[in-house]
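Below is one structure, written out as C-alpha cells; comments come after it.
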Amino acid sequence: MTSNTSNTVTTLTITRPDDWHVHLRDGEQLKDTVRDISRYMGRAIIMPNLVPPATSTETALAYRERIMAEEPQGNFEPLMVLYLTDKTTAEEIKKAKATGKIFAAKLYPAGATTNSDSGVTSVKNIYPVLKAMQEVGMLLLVHGEVTDSSIDIFDREKVFLETILGDVVADFPELKIVLEHITTKDAVEFVMAAPKYVAATITAHHLLYNRNHMLAGGIRPHYYCLPILKRNIHQQALMAAATSGNEKFFLGTDSAPHYKDKKEAACGCAGAYTAHASIELYAEAFEEAGALDKLEGFASHFGPDFYGLARNTDTITLERSPWQVPASYTLGDSEVVPIKAESTIDWQVK
Ligand SMILES: NC(=O)N[C@@H](CC(=O)O)C(=O)O
Ligand SMILES: [Zn+2]
Ligand SMILES: [Zn+2]
C-alpha cells in the first residue's frame with residue numbers, strides 16, 4: 001500500500017482487489033452487474049443461485065460464457081461455483097475441477113436464502129461429495145444458517161456453527177471451507193479457533209451497519225439481507241476481525257441486487273446492492289476503524305492466498321473525493337436501490 005502521509009489520507013493505492021462473493025444474476029441484468037463488478041475488481045467468485053441454479057459443470061460454464069460476453073475486453077475474470085444439491089455426485093465435482101474454471105462448490109441449506117430451494121436438505125447427503133472436493137482441492141463455500149423455523153432468525157448462524165459446521169470441519173480436516181458473509185461474534189470466534197483451512201468473507205454492509213440501521217425509526221428494506229444484520233456488538237466483532245490483519249478474513253461483498261419493487265414490498269426479498277461502490281464502502285469502514293493500512297491485505301491479498309491463486313499484480317487508487325450516490329441504478333428493464341442511495345461516499349476510485 002502507498003498513500004500520502006499527511007494527517008488525513010487523501011489517496012490510497014492498493015493491489016487490485018477481488019470480490020470473493022458476488023451475485024451477478026442473469027439475462028437482462030447481466031450487462032449492469034458485470035459493468036459494476038468489472039470496474040476495478042480483478043476477479044470474482046460468482047454465486048450460482050440462479051433460477052434454475054447452476055448445478056452442473058455445463059450450466060456453470062454456460063453461465064461463465066454469458067458473463068464473459070458482457071466484458072469482451074477480458075480484464076475481469078469470473079470464477080465459477082457449482083451449486084450443491086442432495087443429488088450432486090463426486091463425479092460432477094471431478095469434472096468441474098478438471099475444467100480449471102470452477103473453483104468451488106456452494107452449500108445452501110435448502111430454504112436458507114434467496115433461490116436456495118434446491119439446496120442441501122442434510123449435510124450428510126453430500127458427504128461423498130465433500131470427500132471428493134477434499135481430494136481434488138475444490139473449496140466449499142457455505143451459507144451458514146440453519147433453516148429450522150423454531151430457531152430465531154438472529155440465532156441461525158450461531159446454531160449452524162454449533163450443530164453443523166463444527167462436524168464438517170472435524171470430518172474433512174483438509175477441505176478448504178469459506179464461511180460466507182459472516183455476521184456474528186460467534187462466527188468470528190469460530191473461524192479464529194478453527195484450523196487454517198477455514199476462512200470467512202465479510203461484507204461491507206455488515207461492517208457499516210447493525211440492525212438498528214434497518215429497524216429503528218422505520219423499517220428500511222434495502223438493509224434487509226441474509227444473514228440478517230445483527231446487534232452492534234456483532235458489528236464491532238466483524239470490524240475488529242476485518243481490520244486485524246488476520247488472513248482468514250477477506251473481502252466478499254455479497255452484492256445481491258433485487259428489483260426495487262421486490263424489495264419495497266409486503267414480503268421483500270433479501271439482498272443488498274453494493275457493487276456500485278464496493279471498495280469505496282470498505283474504505284469507509286476501515287477508515288472509521290482507523291485501519292486504512294489494513295485494507296489491502298483484506299481486499300487484495302488474503303483471498304487469493306486462501307484460494308491458492310496468484311495475487312493481482314497491478315493496482316487501483318482510491319481518492320478522497322466525496323460523491324452523491326444516486327437514488328437508484330438501472331438494472332435490466334427495471335431499477336435497483338443501492339446501499340447509501342442519496343447519501344455521500346467519501347472515496348472514489350480514480
Ligand atoms: N444475501 C442475501 O440476502 N441474498 C442473496 C443470497 C445469499 O447470499 O444468501 C441473494 O441471492 O439475493
Ligand atoms: Zn448466502
Ligand atoms: Zn450471497
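The values are calculated or read from the model by the stated rules, or taken from the named source; none is laboratory data. All values reported here derive from a predicted model rather than from experimental measurement. Cβ coordinates were reconstructed from backbone atoms using ideal geometry, including for glycine residues, and neighbour counts include every protein chain displayed. To get the accessible areas, we keep the full protein, side chains included, count just its heavy atoms, and leave off ligands, DNA and RNA. Shrake-Rupley method; radii C 1.70, N 1.55, O 1.52, S 1.80 Å.
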**Complete:** Taking protein heavy atoms only, a 1.4 Å probe, and rounding to whole percent, the accessible area of segment 76-203 owed to carbon and sulfur comes out at 51
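How much net charge surrounds H23 when only the other residues with a Cβ under 13 Å from the Cβ of H23 are counted, with Lys and Arg +1 and Asp and Glu -1?
Working: positive: R25, K106; negative: D19, D26, D32, D36, E180, D254.
Net local charge, H23 excluded: -4.
Rank by packing, highest mean first: peptides 194-201, 321-328, with packing defined as the count of other Cβ atoms within 10 Å averaged across residues.
On the way: 194-201: 19.4, 321-328: 13.1.
Result, highest mean first: 194-201, 321-328.
Which translational diffusion coefficient, to the nearest whole µm²/s, is obtained for segment 256-313 from the Stokes-Einstein equation, given a Kirkwood hydrodynamic radius over C-alpha pairs, 25 °C and 0.890 mPa s?
Stokes-Einstein gives a translational diffusion coefficient of 178 µm²/s.
What number comes out for accessible area per residue over segment 18-349 if the probe is 1.4 Å? Units Å², please. Show your work: numbers first, answer last.
Numbers: 12740 Å² over 332 residues.
Averaged over the residues of segment 18-349, the accessible area is 38 Å².
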**Prompt:** Which of these, F298, F249, F190, has the largest mean-square fluctuation under a Gaussian network model of the chain (Cα springs below 10 Å)?
**Reply:** F190
**Asked** So what is the calculated 222 nm ellipticity per residue for the chain, using -39500 (n - 2.57) for each DSSP H run with n of 4 or more, over all residues, to the nearest 500 deg cm²/dmol?
**Response** -7500 deg cm²/dmol
**Fill in**
Going residue by residue through segment 122-131, the Karplus relation 6.51 cos²θ - 1.76 cosθ + 1.60 with θ = phi - 60° gives ³J(HN,Hα) values, rounded to whole Hz and with x marking Gly or Pro, of 8, 4, 4, 5, 10, 4, x, 5, 5, 4
**Asked** Which of the lysines could a cross-linker bridge to K260, judged by Cα under 25 Å and excluding same-chain residues fewer than eight apart?
**Response** K31, K230, K340
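What is the sum of charges around A237, taking Lys and Arg as +1, Asp and Glu as -1, for the other residues whose C-beta is under 13 Å from the C-beta of A237?
Net of charged neighbours comes to +1.
How far, in nm, would the chain grow between E319 and R35 when pulled straight, counting 0.36 nm per residue and subtracting the alpha carbon separation?
Working: separation 284, 0.36 × 284 = 102.24 nm, distance 2.06 nm.
Between E319 and R35, full extension yields an extra 100.2 nm.
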**Item:** Sequence-distant residues sharing a close amide H with W20 (under 5 Å, placed H)
**Value:** I45, G252, T253
**Request:** Run the 1.4 Å probe and let me know the accessible area of K124, rounded to the nearest 10 Å².
**Result:** 120
**Message:** Please list 3J(HN,Hα) in residue order for segment 216-232, calculated via the Karplus relation 6.51 cos²θ - 1.76 cosθ + 1.60 where θ = phi - 60°; whole Hz, with x for glycine and proline.
**Reply:** 7, x, x, 8, 10, x, 6, 8, 7, 8, 10, x, 4, 4, 10, 6, 5
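How large is the charge dipole for the chain, taken about the Cα centre, if only the Cβ atoms of Lys, Arg (+1) and Asp, Glu (-1) carry charge, to the nearest 20 debye? Walk me through the numbers before you get to the answer.
Values: 34 positive and 45 negative charges, 44 e Å.
Roughly 200 debye for the chain.
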**Asked** Which aspartates and glutamates have a Cα less than 12 Å from the Cα of K158, not counting those fewer than 8 places away in the same chain?
**Response** E145, D186, E189
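What net charge is computed for the residues neighbouring I46, neighbours being all others with C-beta under 11 Å from the C-beta of I46, Lys and Arg scored +1, Asp and Glu -1? Walk me through the numbers on the way to the answer.
Details: positive: R25, R43, R64, R66, K101, K106; negative: D19, D26, E77.
Once all neighbours under 11 Å are counted, the net charge is +3.
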**Message:** I'm checking a number: the convex hull volume of the Cα atoms of the chain, normalised per residue, in Å³. What is it?
**Reply:** 128
**Fill in**
In degrees, nearest 10, the alpha-carbon axis of helix 57-69 is tilted away from the dominant principal axis of the alpha carbons of the chain by 20
